[in-house]
């Protein structure tokens with residue numbers, strides 16, 4: 001490879017030091033988003049596209065990797081803000097961008113609403129009405145987006161995204177919002193639910209590094225993610241991990 005490619009940075013010890021000031025690349029892995037990561041039922045270890053990307057990044061930097069697994073997007077952001085992780089995998093959001101330098105997206109994930117089968121709600125525009133209660137994972141991209149976009153409905157924040165459907169049922173809420181794949185899995189388990197036909201948002205899922213690590217680290221990570229998406233690495237990882245419905249991002253997405 002030429003000197004301009006991300007893998008050549010192995011020799012740039014000053015840049016490696018920016019990424020891994022503690023000697024090990026600590027990657028925050030959000031287990032609350034099944035598109036990104038899950039626990040291997042055999043080993044109990046985190047697996048998924050975010051794990052594969054973190055592994056490849058550590059390899060290119062020539063450093064050991066430590067996975068810092070958490071249960072929610074909010075916890076993952078806290079890992080970065082509290083210096084418990086060096087890189088993470090996040091939905092791009094302007095609020096998070098105050099502390100985190102984001103790459104371009106490597107995958108696009110659709111956000112959907114789910115309701116009970118007997119709900120009168122049949123379209124997204126019927127959700128933002130007085131008296132409607134919407135369950136979202138606290139601190140998730142859906143929470144941040146809907147906090148800005150919903151003006152009449154009431155948002156009910158559930159501790160983690162995988163707990164949204166159960167919280168929706170237990171608290172007798174009107175709507176559950178989240179990753180389409182997660183809603184499909186959980187709706188199939190509990191029964192009596194349907195997903196509205198149109199997405200309400202598209203999440204641009206990216207990698208991020210603390211802004212305090214500097215512009216060079218942010219630029220390297222952006223080039224790395226761009227190459228991983230363009231080369232087929234991300235698509236191969238999604239296929240290997242059995243993820244359907246996620247769209248590999250292209251430059252400019």
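All of the numbers you see were taken from the coordinates with simple rules; none came from a lab. Please read these numbers as outputs of a predicted model, since none were measured by experiment. Every residue, glycine among them, receives a Cβ derived from its backbone with ideal geometry; neighbour counts consider all protein chains shown.
Quick one: grab the alpha carbon gyration tensor of segment 110-201, order the square roots of its eigenvalues as a ≥ b ≥ c, and give me rounded if a/c is under 1.5, else prolate or oblate depending on whether a/b is larger than b/c.
Note, shape of segment 110-201 comes out rounded.
Which of the three applies to the chain, rounded, prolate or oblate, going by the alpha-carbon gyration tensor with a ≥ b ≥ c and a/c under 1.5 meaning rounded?
Since a/c reaches 1.5 and a/b is larger than b/c, the shape of the chain is classed as prolate.
Under the 0.36 nm per residue contour assumption, what length would be gained going from the current alpha-carbon distance of residue 98 and residue 216 to full extension?
The span from residue 98 to residue 216 would gain 40.7 nm if fully extended.
Restricting the count to DSSP beta bridges whose residues both fall in the chain, what percent are antiparallel, rounded to a multiple of 5?
If we restrict to bridges inside the chain, about 60 percent are antiparallel.
What is the distance, in nm, between label points placed 7 Å from the Cα along the Cα-to-Cβ direction at residue 149 and at residue 171?
1.9 nm
Cut-off 10 angstrom, C-alpha nodes, Gaussian network model of the chain. Which of 135, 212, 69 fluctuates the most?
212
How would you classify segment 42-144 from its alpha-carbon gyration tensor, with a ≥ b ≥ c the square roots of the eigenvalues: rounded for a/c under 1.5, else prolate if a/b is greater than b/c, otherwise oblate?
Since a/c reaches 1.5 and a/b is larger than b/c, the shape of segment 42-144 is classed as prolate.
Test of understanding: extend the Cα→C-beta vector of residue 108 to 7 Å, then name every residue of segment 211-228 with backbone N under 18 Å from that spot.
Residues 226-228 qualify, since their backbone N sits under 18 Å from the label point.
Between helix 49-61 and the chain, what is the angle of the helix's C-alpha long axis to the longest principal axis, kept within 0 to 90° and rounded to the nearest 10?
Result, in degrees: 10.
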